[in-house]
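Below is one structure, written out as structure tokens, with a few remarks after it.
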Amino acid sequence: MPSPASAAPLTAWADRTRSVSAFVEQIYAITAVEVRKLARDPTELLTRSVQPALWLLVFGQVFTRTRAIPTGSLTYSAFMAPGILAQSVLFMAIFYGIAVIWERDLGTLHRLLVSPARRTALVIGKALSAGVRGLVQAAIVYILAAILGSEPHFDPISLAGVATMVVLASALFSTFSLVIACLVKTRERFMGIGQVLTMPLFFASNAIYPIAMMPGWLQVVARGNPLTYVVDALRAFMVGGGSHLALDFAVVTGVLAVLIAIAARLYPTLVR
């Protein structure tokens, strides 16, 4: 029979295991609820696929013919496709926080906050559900890019890399959206701020032109923009044009971790 001294570490390990298991279950429960909402009303994803389709069909095809933007060995259509995928993820995720404001107004948020679920689990669960939405959006853009001749890579490693970055990017921008929602607390203010943020994030990145073409001050802004690193990773996996995968994943993961910590702290303030 083990002595009390030797049993203590086993008890502590068992407690930690149960705590981690409960934390994972909470994340899964929140993610499953959000994904079921998407399954009941998939029209949002279909309507949001119109904008990237227009960018690829119109903007991409025109600039491919003019050859006004130097893209090295890539055609402009191939260069732009990962950027439009990143744009699609950004535009979908950045307005994710408005759903949380609706949950507050409907009383759902109050029930979540009085539940035993940790605040961090609530935030991560919502971030992962945004990742699922991002994957569906990515599939649509990927197919469009292939039809329009961008020749994206379809090997398993490339697809896995794209899927991983799409989930991380969706989680990052949806969590950023949640932070904004916790600060402004009203739908009207949130929509205004969301619309103000999306275009600067998009245009101050390497989504539709190389950073080398930008003026010096804008290059500094672009290198501090998380979307730049998302695009670089997607470009590497989709068409072989990226070059800093380790840095890309480190930046996106690091920013996501910081935003999750901030959102978990601010989340209860949304009901005050």
Here are some conditions: (1) more than 26 Å from LYS126 (Cβ to Cβ); (2) touching a Pro at 6+ places or on another chain (Cβ under 8 Å). LEU234 meets all but one. Which one does it not meet?
(1)
Exactly one of ALA169, ALA139, ALA163, ALA146 is surrounded by 20 or more Cβ atoms within 10 Å (Cβ to Cβ), out of contact with any His (no Cβ under 7 Å at 6 or more places or on another chain) and part of a helix (DSSP H, G or I), and that residue is ALA169
If I filter the stretch 185-192 for residues that are farther than 19 Å from GLN26 by Cα and of a type in the set (Gly, Ala, Ser), do I get at least one hit?
yes
Does VAL179 qualify as being in contact (Cβ under 8 Å) with a residue 40 or more places away in the chain, part of a helix (DSSP H, G or I) and at negative phi?
yes
Only one residue in SER88, SER115 is within 11 Å of the chain's Cα centre (by Cα) and either small (Gly, Ala, Ser) or under 22 Å from GLY192 (Cα atoms) (or both). Which one?
SER88
Quick count over the stretch 143-173, residues being touching a helix residue (DSSP H, G or I) at 6+ places or on another chain (Cβ under 7 Å) and not acidic (Asp, Glu), is 20
In this structure, is ILE101 free of Cβ contacts under 8 Å to residues at least 24 places away in the same chain and more than 17 Å from the chain's Cα centre (by Cα)?
no
Do the conditions hold for VAL62, that is, is it farther than 21 Å from ALA81 by Cα and modelled with pLDDT of 70 or more?
no
Residue selected from the stretch 172-201 under the condition among the β-branched types (Val, Ile, Thr) and within 17 Å of the chain's Cα centre (by Cα), by the criterion surrounded by the most Cβ atoms within 10 Å (Cβ to Cβ)
THR175
Being touching a residue at least 12 places away in the same chain (Cβ under 8 Å), surrounded by fewer than 18 Cβ atoms within 10 Å (Cβ to Cβ) and either hydrophobic (A, V, I, L, M, F, W, C) or over 22 Å from VAL24 (Cβ atoms) (or both) is the filter here; which residues of the stretch 105-131 pass it?
HIS110, LEU113
Could we say that VAL252 is at negative phi and surrounded by fewer than 18 Cβ atoms within 10 Å (Cβ to Cβ) here?
no
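The values are calculated or read from the model by the stated rules, or taken from the named source; none is laboratory data. From a predicted model like this one, the values you see are computed outputs, not experimental measurements. Because the Cβ atoms are built from the backbone with ideal geometry, glycine has one as well, and the counts that use them run over all protein chains shown.
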